[in-house]
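Taking it in order: structure first as structure tokens, then the write-up.
Values in this text are rule-based calculations from the coordinates and carry no lab data. These numbers come from a predicted model, not from an experiment. All Cβ positions, glycine included, derive from the backbone under ideal geometry; neighbour counts span all protein chains shown.
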Amino acid sequence: MSPASHTLARFALGLTLLAPVDRFDRDVQRVVQGWRRPALEAPMRAASGSGRGVPVLAGLLAVALVSGPAGPATARVAIAVLAPVNLVVEGIKWSVDRPRPDGDPRRANSSFPSSHAANAAALALVFGRRWRRLAPGFWLLATLVGFSRVYLNRHFLTDVLCGAVIGVGLGWSTYRWFRARGWTWEAKG
């Protein structure tokens with residue numbers, strides 16, 4: 001088999017394997033878009049907006065300033081966790097170049113994976129470790145941010161799920177790395 005034939009065969013196999021995922025995503029998209037109601041638009045936009053850069057940075061500044069002596073370390077770890085999460089997500093977005101469900105085809109703004117979901121999951125992880133009693137609330141908020149992206153027709157469900165997996169996986173690795181060096185609010189362990 002020639003190299004070109006081998007590449008074409010791998011491409012065809014990839015399309016065959018991804019076709020059911022794409023059908024599933026489009027089925028979920030149709031169902032969720034059928035649920036849209038005027039009363040839910042503002043709350044969903046607010047949930048989605050909470051995952052943008054400025055609100056996240058403002059929240060981290062507030063954590064650093066008003067959450068006691070561990071506040072600066074918490075904000076530092078959150079930023080350190082978000083950096084690799086965003087680098088990986090943006091690299092994958094550029095590589096995959098999946099158009100958004102609403103039709104936005106710009107490569108720099110591609111759909112897969114969801115950076116909102118990745119960031120929300122990574123922050124839920126860090127904040128859930130810092131404030132363990134509030135962890136269910138942080139995870140609920142992260143879930144709401146992810147769902148809002150599907151609801152607002154900006155992402156497919158698999159974009160959100162994969163973004164959350166990246167946020168948790170890379171977030172946990174980065175958090176553990178910092179913790180092992182004593183650079184968090186927790187003792188080494």
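Measuring from label point to label point, each 7 Å out along Cα→Cβ, what is the Asn109 to Val96 span in nm?
1.8 nm
Can you check what the net charge comes to around His155, using other residues whose Cβ is under 10 Å from the Cβ of His155 (Lys, Arg +1; Asp, Glu -1)?
Taking every other residue near His155 into account, the sum is +1.
Could you work out how far the C-alpha centroid of the stretch 149-168 sits from that of the stretch 76-124, in angstrom?
9 Å
How about the stretch 87-174: which trypsin sites (Lys or Arg not before Pro) there lie in a loop by DSSP and see at most 15 other Cβ atoms within 10 Å?
Filter output for the stretch 87-174: Arg106.
Given a cut-off of under 8 Å on Cα pairs at least six residues apart, what relative contact order in percent is computed for the stretch 38-180?
28 percent
Suppose every Lys and Arg Cβ carries +1 and every Asp and Glu Cβ carries -1, with no other charges. What dipole size does the chain come out with about its Cα centre, to the nearest 20 debye?
In total the dipole reaches around 420 debye.
Hey, of [x] 16.4, 64; [y] 18.7, 65; [z] 28.2, 104, which did the structure itself give for Rg and Dmax of the Cα atoms in Å when calculated?
Read-out taken from this structure: [y].
Counting each DSSP H run of 4 or more residues in the chain as -39500 (n - 2.57), what helix-only mean residue ellipticity at 222 nm follows after dividing by all residues, to the nearest 500 deg cm²/dmol?
-26000 deg cm²/dmol
Quickly work out the Ala19-to-Trp131 label distance, labels modelled 7 Å from Cα along the C-beta direction, and quote it in nm with one decimal.
Here the answer is 4.9 nm between the modelled labels.
Choose one answer from Val66, Val165, Val81: the residue with the largest mean-square fluctuation in a GNM of the chain with alpha-carbon springs under 10 Å.
The residue with the greatest mean-square fluctuation here is Val66.
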